[in-house]
1. Calculate the FRET efficiency for ASN16 and PHE75 from the Cβ-Cβ distance with a Förster distance of 25 Å, rounded to the nearest 0.05.
2. Report, as a whole number in µm² per second, the diffusion coefficient that Stokes-Einstein gives for region 80-226 at 10 °C and 1.306 mPa s using the Kirkwood radius over alpha carbon pairs.
3. For the chain, what is the accessible area per residue in Å², given a 1.4 Å probe and the full set of protein chains?
4. Using only the alpha-carbon atoms of region 154-250, report the extent along each of the three principal axes, biggest first, to the nearest angstrom.
5. If you average the sequence gap of Cα pairs under 8 Å that are 6 or more apart and divide by the length of the chain, what percent do you get for the contact order?
6. For VAL231, what residues show an amide H to amide H distance below 5 Å, using hydrogens built from the backbone and excluding near sequence neighbours?
7. Of the heavy-atom accessible surface of the chain (probe 1.4 angstrom), what whole percent is carbon and sulfur?
8. At 0.36 nm per residue, and after removing the present C-alpha to C-alpha distance, how many nm does the segment from ARG149 to GLN100 gain when stretched out fully?
Amino acid sequence: MSRTPFVAGNWKMHTNAEECVALCRAVRERVEGIEGVEAGVCPPFPFLQAAKAALKGSSVLLGAQNAHWEAQGAFTGEVSPSMLRGLADYAIIGHSERRQYFCETDETANKRLKAVLSHGLLPIFCLGETRDEREANRTEEILERQLRRGLDVVPWTPACVIAYEPVWAIGTGLAATSEQANEAIGFIRRLVGELVGAEIAQATRIQYGGSVKADNAAELFAQPEIDGALVGGASLDADAFAAIVRAAAG
Ligand code: PGA
């Protein structure tokens, strides 16, 4: 089954209002006309509306960086999936920075996954092992736990996206080798097959994330299991991001 690769930029807590709009314009201009790949950007919450306007009429998709599980309520500082409806196409769920710094667990990621899907958004569900876990040969055990708990009774569809992001590769400049990434993603796909059915798993895009740059993208994307990337640092540079999108187009 051929899956259209998807390259998404995770801007994290970067850009101001003006920079966000300028980066959206630069990205749309540079990825315009690149076929056989989908591209998206995930700016900070306050700029989503401006980003949507700046991307109007382009094929660049828009993602939020998180979403709460309740539709509304007394949750100071949170953003509900119903607030994102019609604004964003995707929401990043369970990113390792949320897990590391903001007490995100497999259980809260699971609640958020169910919530975004019930509000018409698509998840980019992130998972990955730490360096200690990899060195202790526990990568598959960790991925399995994150997947089983994360996807528990989630109405997963072929349009949902997973990002395999080894924590040790994020923001370190030390990407996983293409073989390591391919192997882990193959493992994830097999397990997703057990959990939601082989056909849906075959159709699910599974990105690699962690220090993806213009110069290592092509090698990663040459692997059969890797369906694009979730890009942090390099997505803040429109030329570098467009080069990664081009590499994913083949
Ligand atoms: P990085 O971040 O590309 O800067 O390593 C990836 C991510 O956190 O999604």
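The values are calculated or read from the model by the stated rules, or taken from the named source; none is laboratory data. Every value quoted in this text rests on a predicted model; they were computed, and no experiment measured them. We place every Cβ from the backbone using ideal geometry, glycine too, and count neighbours over all the protein chains shown. Remember, those area values only see protein heavy atoms, side chains included, never the ligands or the DNA or RNA. Shrake-Rupley method; radii C 1.70, N 1.55, O 1.52, S 1.80 Å.
1. On the way: r = 26 Å, r/R0 = 1.02.
Plugging the Cβ-Cβ distance into 1/(1 + (r/R0)^6) gives 0.45.
2. 103 µm²/s
3. On the way: 11090 Å² over 250 residues.
Ligands and nucleic acids excluded, the result is 44 Å² per residue.
4. Extents along the principal axes, in whole Å: 37, 23, 23.
5. Values: 512 pairs, mean separation 56.5, N = 250.
Averaging sequence separation for qualifying contacts and normalising by length gives 23 percent for the chain.
6. Answer set, sorted by chain and number: ALA8, GLY9, ASN10.
7. Result for the chain: 50 percent of the exposed heavy-atom area is carbon or sulfur.
8. Values: separation 49, 0.36 × 49 = 17.64 nm, distance 1.72 nm.
Computed gain between ARG149 and GLN100 is 15.9 nm.
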